[in-house]
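Note sheet for the following structure.
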Amino acid sequence: MTTFNKILNPMYSAIAAYSTQEDGSINAKYVIGTGTDNDGVVTDFTPIISEYKWIDVEGAKAINDAPFTKDDIGKTPTQIMLSRIYAYLKENGQIVV
């Protein structure tokens, strides 16, 4: 399940998918699009633009080795990784919104 980040109503951004490469780096698909907010759940999401982002081995290791937080409770491993990848890319200036 993708975690959507509201930019403007009805614009959202998200990490739609990711994969870990043989060398340990991460490729992530970042999307911006429109959607409908139904009680906190984004439905009818239509991507307008997508871009692949690359995280080097050191960054990927930091993401994978990060300790669990209170925010991680109740999330699936995939949801945790998608959130961590989004946060990492935003903190490192690879995405703005």
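Just so you know, all these numbers are worked out from the coordinates, no wet-lab data involved. Quick caveat, the model's predicted, so the values are computed rather than measured. Every residue, glycine as well, gets a Cβ built from its backbone with ideal geometry; the counts of neighbours run over all protein chains shown.
When you count the other C-beta atoms within 10 angstrom of each residue and take the mean per peptide, 61-72, 28-39 line up highest first as 28-39, 61-72. When the Gaussian network model of the chain links Cα atoms closer than 10 Å, the mean-square fluctuations of SER19, SER83, SER50 top out at SER19. Shown for the chain: lysine pairs separated by 8 or more places, or found on different chains, whose C-alpha atoms are under 22 Å apart, numbering 16. Each helix, a run of at least 4 DSSP H residues, gives -39500 (n - 2.57); summed and divided by the residues of the chain, these come to -7500 deg cm²/dmol at 222 nm.
Give me the angle, in degrees from 0 to 90, between the Cα long axis of helix 77-91 and the longest principal axis of the Cα atoms of the chain, rounded to the nearest 10. Once rounded, the angle reads 90 degrees.
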